[in-house]
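This report concerns only the one structure given below.
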Amino acid sequence: MVSSRRKSIGRATRLAQLGAGLAGSYLAYQLQRPFLSDRQKSERRQALGRRQARQIREDLQDLRGPIMKVGQALSMQTHLFDADVVQELAGLQMQAPPMHGTLMRAQFKSAFGEYPEDVFGSFEPEPFAAASLGQVHWAVTKRGEEVAVKIQYPAIREAIETDFRMLRAAGFAARLTGHLKESVVREAERGILEETDYRKESRNIQYFAKHLAPLAFVRLPRVHGELSCGQVLTMTRVRGLRMQEFLKTNPSTEVRDRIGVGLTRLFFFQLFRLQALHADPHPGNYLFDRDGSIGLVDFGCVKYLKPEVVRCYAQFWSREWVHDGGLYAEIIRVIFGPNVPPAEPRVRRCMNEIKRFYDKFHPLTEAPAPLELADPEFMERLNELARTLWKNKFLSPEFLFLSRTESGMCNLLHALQARVPTTQIAREWMPPVSRIKK
């Protein structure tokens, strides 16, 4: 108990020091601005951004856990930050400080009962990826098959619970005003805690491998159940390049568009056909190839959606609710709860902003033009919509991971600078309202 409390205090202190350091460097820049030329202001601002990004990356890598996932989300905001800032933060996707080799072996034996070199034909002691909750090693089974072995960090559940206690304390004012509901915090905590259950992740992989079979361009790992347990997960190796590496190969516009279409089809197929989402969409979890195939890894965070949530999201695209009061009332009930009147001004503001956004970028014409994801206006308007929804307390726990996945997908498509017929793809998979199961 004492050890747990000390760790909690230590994490809180590190975060406080990080916040103070960022605030101090920004204040110093602001004090210098009146004495700088326009060119110097630009140079100092860019240098400040790089230093702060490096400081955030280094501190969050050490802390790991949910707070590192915040940095991963920031690394996807290519439309908000300079390229060098995004590149610095991208290190949070797969490059946390790994466990020492001795600790890794002890953690593996504690979970599996044997050391890794006794279980596999060969085992790479240095991980090729170390992320927020665990690290991954290459290995070869005794039958000669190349595999990836994910090993969970020790006491990571404790770190998650500590981070959420700090989040609840730091977000007290937002919870008091209703901008950050306790139900939303609980849903976020539930989702991240589930990522520590590798048996559940194994079941997720098997479920998606079966149900994504119609999408021949999607490649998933296969689980070696006999080489896995609650804190160790062994999977077949999935080939491909992560987003940053893939873009360095200078893929043609045709290839970018093909992959963009594939990502979009993957998203809507999961949403409307499976009613379940791979809900951790940072670039480290997608592997790309010039043939247009997409490797999908890390199924720790999966959201199985309620049918009424899928129905509501489909309505944003079809906009039948504009002329159907019953459908409109259902959307409000699902998002805001049964006690919020559909005619309440903040509700109307949110729904009007959603309609304006979809009318502009996903028009209800017979053959709308492909969406230009390289266009900065799309991402700017998407962020503007998000700010409006936050300001008006338009945040439902049931939509939390759906919104996270959609936002992450938009950032991937923006990074690709793809042209995608999003509306046609959504219509292809979206069932009529009457066919959405209740």
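The values are calculated or read from the model by the stated rules, or taken from the named source; none is laboratory data. All values reported here derive from a predicted model rather than from experimental measurement. With ideal geometry, Cβ positions are generated from the backbone for all residues, glycine too; neighbour counts draw on all protein chains shown. Accessible surface is based on the protein model in full, side chains and every heavy atom, while ligands, DNA and RNA are left aside. Shrake-Rupley method; radii C 1.70, N 1.55, O 1.52, S 1.80 Å.
Points to keep in mind about this one:
- For the range 291-437, the alpha carbon convex hull comes to 136 Å³ per residue, rounded to a whole number.
- Radius, Kirkwood style, for the range 216-255 when every pair of distinct Cα atoms is counted (Å): 12.8 Å
- Cβ-defined net charge surrounding V223, 13 Å radius [Lys, Arg +1; Asp, Glu -1]: +3
- Peptides 286-292, 352-358 ranked from most to least packed, by the mean per-residue count of other Cβ atoms within 10 Å: 286-292, 352-358.
- Normalised by residue number, the volume inside the convex hull of the Cα atoms of the range 386-435 is 119 Å³ per residue.
- For the pair the range 336-393 and the range 266-291, the centres of their Cα atoms are 22 angstrom apart.
- Length released on extending from R222 to S183, taking residue separation times 0.36 nm less the Cα-Cα span: 10.6 nm
- Rolling a 1.4 Å probe across all protein chains gives L364 an accessible area of roughly 100 Å².
- Full-extension gain in nm, V140 to R203, via 0.36 nm per residue minus C-alpha separation: 20.4 nm
- Residue pairs exceeding 31 angstrom between C-alpha atoms, taken from K303/K393; K248/K355; K303/K391; K142/K200; K306/K391; K248/K391: K248/K355; K248/K391.
- Extension gain for H211 to E126 (0.36 nm times residue separation, less C-alpha to C-alpha distance): 27.2 nm.
- The range 187-260 pair-distance distribution - Cα-Cα, 10 Å bins, rounded %: 15, 33, 33, 17, 1
- Inter-part distance, the range 110-127 to the range 179-233, computed on C-alpha centroids, equals 22 Å.
- Size descriptors for the range 211-341 (Cα atoms only): Rg and Dmax, in that order, 18.6, 55 Å.
- Each other residue within a Cβ distance under 13 Å of E428 adds +1 if Lys or Arg and -1 if Asp or Glu, for a net charge of +3.
- R349-D118 FRET efficiency (beta carbon distance; Förster radius 56 Å; 0.05 resolution): 0.35
- Estimated from the Cβ-Cβ distance and a Förster radius of 30 angstrom, the FRET efficiency linking V322 and E254 is about 0.20.
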